[in-house]
Ligand SMILES: C[S@@+](CC[C@H](N)C(=O)[O-])C[C@H]1O[C@@H](n2cnc3c(N)ncnc32)[C@H](O)[C@@H]1O
């Protein structure tokens with residue numbers, strides 16, 4: 001499925017300082033992401049996402065699903081802590097980079113890299129002890145069914161961790177695409193879960209960063225942590 005969105009302004013990908021000059025009508029498909037990744041040697045920091053580290057560092061290792069794994073920093077971090085990881089992304093360019101880093105870090109055997117479109121790929125139901133979603137910024141019509149499929153893929157006793165850019169970021173100087181429908185609150189995600197879940201975190205968590213002008217700015221991550229009853 002190709003996602004078509006109107007982009008009235010250039011959109012630099014989150015976490016990077018570089019400018020991009022996207023066409024007016026962007027299609028968020030494999031080609032879009034491959035071109036994004038091919039523009040630079042590396043576009044993410046190489047560090048694991050802070051909310052992943054904060055929420056999972058005390059968990060016993062198991063089988064994790066890293067959703068939209070990008071260049072693989074989260075998958076590498078988990079593998080380094082004895083997790084077995086299935087890492088999925090639509091971009092073979094990003095996955096090739098991630099695979100290379102896993103070889104360097106000597107954790108390659110613990111990670112399965114899958115080039116799949118998450119809008120159609122169905123993860124194994126009840127298949128994962130941890131499902132981690134970090135910054136999948138999709139329109140609601142796409143993210144709701146995706147998050148529902150991902151919730152269904154959490155094993156009994158497992159954890160669903162969904163982290164995204166909070167809508168309040170649009171009112172800061174942080175670099176964000178000017179497309180309101182890509183942003184979501186943790187309450188919206190919590191509303192997708194039934195009574196078989198215990199929600200342990202549902203908050204807009206502040207995080208200091210710098211804006212494109214180099215000025216300090218506080219952004220907020222929507223953080224949802226839910227445990228599936230055994
Ligand atoms: C904002 S990046 C986040 C990357 C990584 N999770 C991180 O936090 O560094 C979003 C990632 O999702 C991937 N992605 C976007 N749409 C996708 C889709 N439909 N199926 C699979 N991956 C997708 C992109 O290729 C990209 O690597």
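The values are calculated or read from the model by the stated rules, or taken from the named source; none is laboratory data. Keep in mind the model is a prediction, meaning the values are calculated, not measured. Positions of Cβ are backbone-derived with ideal geometry, glycine not excepted, and every protein chain shown enters the neighbour counts.
Residues that are touching a strand residue (DSSP E or B) at 6+ places or on another chain (Cβ under 6 Å), under 26 Å from residue 77 (Cβ atoms) and touching a residue at least 24 places away in the same chain (Cβ under 8 Å) are absent from the stretch 141-148.
Restricting to the stretch 192-214, name every residue that is surrounded by 14 or more Cβ atoms within 10 Å (Cβ to Cβ) and under 30 Å from residue 155 (Cβ atoms). Result: 192, 193, 197, 199, 201, 202, 203, 204, 205, 207.
Results for (1) away from the ligand (no atom under 16 Å from the Cβ); (2) surrounded by 15 or more Cβ atoms within 10 Å (Cβ to Cβ), shown as yes or no for each residue.
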{"site": "140", "(1), (2)": "no, no"}
{"site": "143", "(1), (2)": "no, yes"}
{"site": "153", "(1), (2)": "no, yes"}
{"site": "182", "(1), (2)": "no, yes"}
{"site": "187", "(1), (2)": "yes, no"}
{"site": "216", "(1), (2)": "yes, no"}
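Among the residues of the stretch 159-173, those identified as crowded, with 18+ Cβ neighbours inside 10 Å and under 10 Å from residue 185 (Cα atoms) are 163, 164, 165, 166, 167.
The lone criterion from (1) touching a strand residue (DSSP E or B) at 6+ places or on another chain (Cβ under 9 Å); (2) near the ligand (Cβ under 10 Å from one of its atoms); (3) modelled with pLDDT of 95 or more left unmet by residue 63 is number (2). Within the bounds of the stretch 31-50, is there any residue that is at pLDDT 95 or above, touching a strand residue (DSSP E or B) at 6+ places or on another chain (Cβ under 6 Å) and within 10 Å of the ligand (Cβ to nearest atom)? Yes, the stretch 31-50 contains a residue that is at pLDDT 95 or above, touching a strand residue (DSSP E or B) at 6+ places or on another chain (Cβ under 6 Å) and within 10 Å of the ligand (Cβ to nearest atom).
Of all the numbered requirements in (1) free of Cβ contacts under 8 Å to residues at least 40 places away in the same chain; (2) surrounded by fewer than 22 Cβ atoms within 10 Å (Cβ to Cβ); (3) under 17 Å from residue 137 (Cα atoms), residue 82 misses one, and that requirement is (3). Is there a residue in the stretch 50-60 that is under 23 Å from residue 177 (Cβ atoms) and either free of Cβ contacts under 8 Å to residues at least 24 places away in the same chain or surrounded by fewer than 20 Cβ atoms within 10 Å (Cβ to Cβ) (or both)? Yes, there is a match, as at least one residue in the stretch 50-60 is under 23 Å from residue 177 (Cβ atoms) and either free of Cβ contacts under 8 Å to residues at least 24 places away in the same chain or surrounded by fewer than 20 Cβ atoms within 10 Å (Cβ to Cβ) (or both). Taking the stretch 115-138 as the range and being away from the ligand (no atom under 15 Å from the Cβ) and either touching a helix residue (DSSP H, G or I) at 6+ places or on another chain (Cβ under 6 Å) or more than 20 Å from residue 223 (Cβ to Cβ) (or both) as the test, the residues that pass are 124, 125, 126, 127.
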